[in-house]
């Protein structure tokens, strides 16, 4: 089988579907296959990847090879009394929840999709709607297994291998192949949340609302309309939620009949449909304003209900822009970003605004830091999109902010190095690299 | 199946399809014996299945293609205290062009895919007969339905399995036990890793696993996985020779 280890595959893309360079991919199923894979293929660089929910090029390695870890997806142990779980890196959050929810446990924090692997969650130090209380994913990692091309198999803990531990959390897979992860889960009293949905009119209403919600609500997130101008400018919907303790532990379904089988024609998402969507979304949710009981799946993972929704952006794909602005500058900078985005008319419907809390992110290259984060998708239209983003970069840089590597496919290297100043301390594995790393760090 | 714990033996338990099926059975709290060559891999699968809910998952390192099936199988059934399901899931694809040049490799392929499988099936039959219950599930292939130039040696072994399982199903039916041949089409597994550009007809191991788990409860003797392959193969089997000969499949 070894001769077939890496197979060319033009269907292996990142979530944004902009870069179309074919990748050479190995798909191991067992940890014992990994040492030969990272030693294989001479000088070509390797990169272990998971479900490729990263939007840009941090999960691509066009001049090297990819090791798709999705088949290395076994649970190693789970203690229902303590909530400590150890699983191979390819286990998805969806699989994990299907196992642990019924026993009264949940992921300590979760991104907006459950179709990420544990390895990917660790390597991107992902965050969720509970950041102000829980911090980033890496804070809940007790240890992990790392396969290095220079040192072999290691069990990495914060005490035993601090440099590797804090390099690998948020380290974009560059410090070795993450083989397994041990996590501390959190207790839940049921699978449903008490969700309060509140429309707000403009950013001036958003900031106090977000601040006042912090102490009383575990989960907070807001959608913001980046398409409308005038009186509607900056309006949005904030939702805040707490777990309900009722002992009803319904588990989500991981299969969906709704999927997008083909790439949509390029026109499907344009200025008009984008604005129309924002209008409909705002009014639907305003009408629903108030309290409701929601299962964790529609609350945390609304888009997971439609598989491959990213194909709606058509053949050219999309770019996501997610920045964080330090707290001192958040109001002015988010305001300025909104100005540029609405004026451009390029924004699509998925814009998310959220404030980060003070809990420090453990990783050298972790993205979350105290302040506010804005994330939105742009259908890729070549130069026009890139120029718009360069303008946004200017605002973010001036405010001392940073862009999220997991979402990025185009930031200038200089911007990365300035906003992740400890990047040179990363204990990188010499055999590993990615398109992202070559673009920003070399 | 009743709420009673199912007792299951999986031959070739480290294969992608078998492991996916094992996960379904683990969620149903089955007790399983996992047979395969690589002890360490079986250990990691066993830990996973037990974490997922299996009442037991016991690694049983053994080369299925070259084992004393009757003796081994007796021990397994004894360890489980009976048998509800045997899943025979090991096999090799081989490379047709290389096989045609190498009679020894052909003999090995036939030993693995067919000869040893006959021995396991006969060993299982003895127990199913005695119990008057239980299911023998064998993974065949759509390649066994009509010989094609691209893989007729592999296809011949899978076609042979079809006749074997058909006959055993016939024999077991009056006794209350079942034999089922599951015929997957194209499945995205390490066995087919070298195939490029997998299109619409390719299935994931989990889809095939769901068909197998359903077959453990009812149905047979021939089940296609996914089901649309029944129609595809119906057409392929009935293509007139003058058309079939022009197809490069």
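The values are calculated or read from the model by the stated rules, or taken from the named source; none is laboratory data. All figures in this text were calculated on a predicted structure; none of them were measured in a lab. Quick reminder, even Gly has a Cβ in these numbers, built from the backbone with ideal geometry, and neighbours come from all protein chains shown.
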Practice task
Specify which of the listed residues (B:105, B:133, B:119) is more than 19 Å from the chain's Cα centre (by Cα) and assigned to a helix (DSSP H, G or I).
Solution key: B:105
Problem - Positions within the stretch B:171-189 being in a helix (DSSP H, G or I) and in contact (Cβ under 8 Å) with a residue 24 or more places away in the chain, in sequence order - result: B:171, B:172, B:175
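To keep it simple, each residue is scored yes or no on (1) under 22 Å from residue B:13 (Cα atoms); (2) in a loop (DSSP other than H, G, I, E, B); (3) within 14 Å of chain A (Cβ to nearest Cβ).
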position	(1), (2), (3)
B:158	yes, no, no
B:166	no, no, no
B:191	yes, no, yes
B:195	no, yes, yes
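Go through the residues of the stretch A:322-334 one by one and say whether even a single one is closer than 26 Å to residue A:11 by Cα and within 21 Å of the chain's Cα centre (by Cα). Walk me through how you get there before you give the answer.
As a first pass, look at the stretch A:322-334 and keep what is closer than 26 Å to residue A:11 by Cα: A:322.
Next, from what is left, pick out any that are within 21 Å of the chain's Cα centre (by Cα): A:322.
Yes, that holds for at least one residue.
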Exercise for the section: Look at residue A:97 and say whether it is over 27 Å from residue A:149 (Cβ atoms), within 14 Å of chain B (Cβ to nearest Cβ), in contact (Cβ under 8 Å) with a residue 24 or more places away in the chain and surrounded by 23 or more Cβ atoms within 10 Å (Cβ to Cβ). Expected result: yes
Handout entry: Members of the stretch A:140-175 that are assigned to a helix (DSSP H, G or I) and loosely packed, with under 14 Cβ neighbours inside 10 Å
Key = A:162, A:163
Handout entry: Residue, surrounded by the most Cβ atoms within 10 Å (Cβ to Cβ), within the stretch A:387-405, restricted to residues that are without any contact (Cβ under 8 Å) to a residue 60 or more places away in the chain and touching a strand residue (DSSP E or B) at 6+ places or on another chain (Cβ under 8 Å)
Key = A:388
Completion exercise
For residue A:395, the lone unmet condition from (1) part of a helix (DSSP H, G or I); (2) closer than 19 Å to residue A:348 by Cα is (2)
Practice task
Report those helices (runs of 4 or more DSSP H) wholly inside the stretch B:1-96 carrying at least 2 residues which are touching a helix residue (DSSP H, G or I) at 6+ places or on another chain (Cβ under 9 Å) and more than 14 Å from chain A (Cβ to nearest Cβ).
Solution key: B:16-27, B:69-80
Practice task
For the stretch A:181-200, name all the residues that are over 30 Å from residue A:289 (Cβ atoms), touching a helix residue (DSSP H, G or I) at 6+ places or on another chain (Cβ under 8 Å) and surrounded by 18 or more Cβ atoms within 10 Å (Cβ to Cβ).
Solution key: A:181, A:183, A:185
Practice task
May I ask you to verify whether residue B:237 is out of contact with any strand residue (DSSP E or B) (no Cβ under 8 Å at 6 or more places or on another chain), exposed (fewer than 14 other Cβ atoms within 10 Å of the Cβ) and farther than 27 Å from residue B:173 by Cβ?
Solution key: no
Problem - Residue ID - farthest from residue A:425 (Cα to Cα), chosen from residues in the stretch A:176-206 that are over 22 Å from the mean Cα position of the chain (by Cα) and in a loop (DSSP other than H, G, I, E, B) - result: A:201
Practice task
Give the stretch B:78-92 a look and list any residue that's on the phi > 0 side of the Ramachandran plot and either buried (at least 24 other Cβ atoms within 10 Å of the Cβ) or at pLDDT 95 or above (or both), or say none.
Solution key: B:91
Exercise for the section: Starting from residues that are part of a loop (DSSP other than H, G, I, E, B) and in contact with a strand residue (DSSP E or B) (Cβ under 8 Å, 6 or more places away or on another chain), keep the ones in the stretch A:100-117 and report whichever is surrounded by the fewest Cβ atoms within 10 Å (Cβ to Cβ). Expected result: A:104
